[in-house]
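One structure below.
The values are calculated or read from the model by the stated rules, or taken from the named source; none is laboratory data. Since the model is a prediction, treat every value here as computed from it, not as a measurement. Here the Cβ positions follow ideal geometry from the backbone for every residue, glycine too, while neighbour counts run over all protein chains shown.
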Amino acid sequence: MHLLLPFALGLGLLSAASLPMRAAVTQIYPPTSSCFVFSPANWATHSLHDGVKARQSWNAGAYFRVTFKTETPAVTIALHLGVKQYGAWNGTNWSLLNPIPAISYSLDGLITDDVPADGPTHDGILSISVPTPGSHTLTVWLRNSEQLHRWVRGGTGSNVLQVNGISFGEGAVPLAGKRQSHWVLIVGDSITEGIQADNGRDNVLYDYSWLDAQALFARGYETAISACGYSGWVCTGCADGDVPGYYVVNKGSGGKWVYDDGASRWNKIDGVTSLLDSQGRMSGYGGRNQPPSVIFFNYGTNETLSRAVTARMAASIEQCLPALRKAAPNAEILVAVPFGIESTRVYGSEGLLYAAALRRAVRNYLKQHPDDRRTHLVDLGANVANALASPIYGAGIHPNMAGHAFLAPLVLQVIEQFLPTK
């Protein structure tokens, strides 16, 4: 139900035009094969035609890893992929929405960026030439997708990456993959998803969350990036509001803020797949005893931008934290003051109000739950917000690539303080 990410930084990028031609297909190993490892808490299993079980994800930054061995040079492997997209009425006829989602992949560290998620010729086959014999690791990331219709409802959805399997050319054999036993969950909005991170273009590989995930992998942790543009504690995600808010509360009887499970996604991977195991605990891969070690939040920016009711956001936080604690009893829960909202240049005085409301909500929770010593308020401070408002780092809501590079070590330093001793 989920994927994995290896890889060291600082390696070159190939263009999609350099991809080899399609190879002959032999046996197809499905996503359930032991050669696949998926990032935790990102992937769901859905049935396709002819009984095929595909893994699919709408999360930018979701990844999978395939391990295999080649005994001869110039062996070709083929990933069997797919996407889902809805049609749209343009006033005259039905047409496909938006650009096809894109992936990036690393073969033994060398990255090929910006490949259509259904292959370079849109036939669902991504053929990759492996030049040298030996043991190899292929890692694939969902790079970006249009912020529309991504929440999978009833097994359908659009701008969703499907993984149907992999086949190996003659001279190559799959090997059993190994996933790290610990994982970190990073939750956020478009700033965490990689929107405009590539100096105005969407690409999670330029985002602080992805950069930190690489460092965490080197320390023995898988990472689930669970981020969606437009979303927040109560704000719905995607431009069409398709993705539920994280922990939605609405006014109930007596004026109290009441949790709405159907409108919330904190305990779901998609519209039909639970993030909780049979005991109601957060699970990386659907089984028991697979909780996250750390949960990091960067939420509240969209509440600020949409001028959401601050009391509603605060109630969401104060009610969400007990639910998370019950679902992940031993996880370190880190709630960040959104990185930039204290910059009055970008957010005006409203940003200060929402930052203060978030701080109060976390402190109220801690006051009401004094035995919880694993929930923490994270505040990078006004200086970081002002830095992000500087032209060199983007000077707006979305940091540019330099801004994300500036953020990444600051966030990593915070997360590292709370990584458990394995």
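Table for the structure above
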| quantity | calculated |
| --- | --- |
| Residue within region 273-290 that is of a type in the set (Val, Ile, Thr), assigned by TED's automatic domain parsing to the domain that holds Gly396 and closer than 24 Å to Trp58 by Cα present | yes |
| Number of the condition not met by Asp123 [criteria: (1) more than 30 Å from Gly241 (Cβ to Cβ); (2) modelled with pLDDT of 95 or more] | (2) |
| In region 268-286, residue nearest to Lys326 (Cα to Cα) [restricted to those that are of a type in the set (A, V, I, L, M, F, W, C) and crowded, with 18+ Cβ neighbours inside 10 Å] | Met282 |
| Answer from Ile77, Ile111 - the residue that is modelled with pLDDT of 50 or more, closer than 25 Å to Thr121 by Cα, crowded, with 19+ Cβ neighbours inside 10 Å and among the β-branched types (Val, Ile, Thr) | Ile77 |
| Options Tyr230, Tyr221, Tyr206: the member that is more than 27 Å from Thr273 (Cα to Cα) and of a type outside the set (D, E, K, R) | Tyr206 |
| Selected residue (only one of Val362, Val346, Val378 is in contact (Cβ under 8 Å) with a residue 60 or more places away in the chain and either buried (at least 16 other Cβ atoms within 10 Å of the Cβ) or in contact with a strand residue (DSSP E or B) (Cβ under 9 Å, 6 or more places away or on another chain) (or both)) | Val378 |
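Results for (1) touching a residue at least 40 places away in the same chain (Cβ under 8 Å); (2) surrounded by 23 or more Cβ atoms within 10 Å (Cβ to Cβ); (3) closer than 27 Å to Thr76 by Cβ; (4) in contact with a Gly (Cβ under 7 Å, 6 or more places away or on another chain), shown as yes or no for each residue.
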position: Pro133; (1), (2), (3), (4): yes, no, yes, no
position: Gly154; (1), (2), (3), (4): yes, no, no, yes
position: Gly171; (1), (2), (3), (4): yes, no, yes, no
position: Gly200; (1), (2), (3), (4): yes, no, no, no
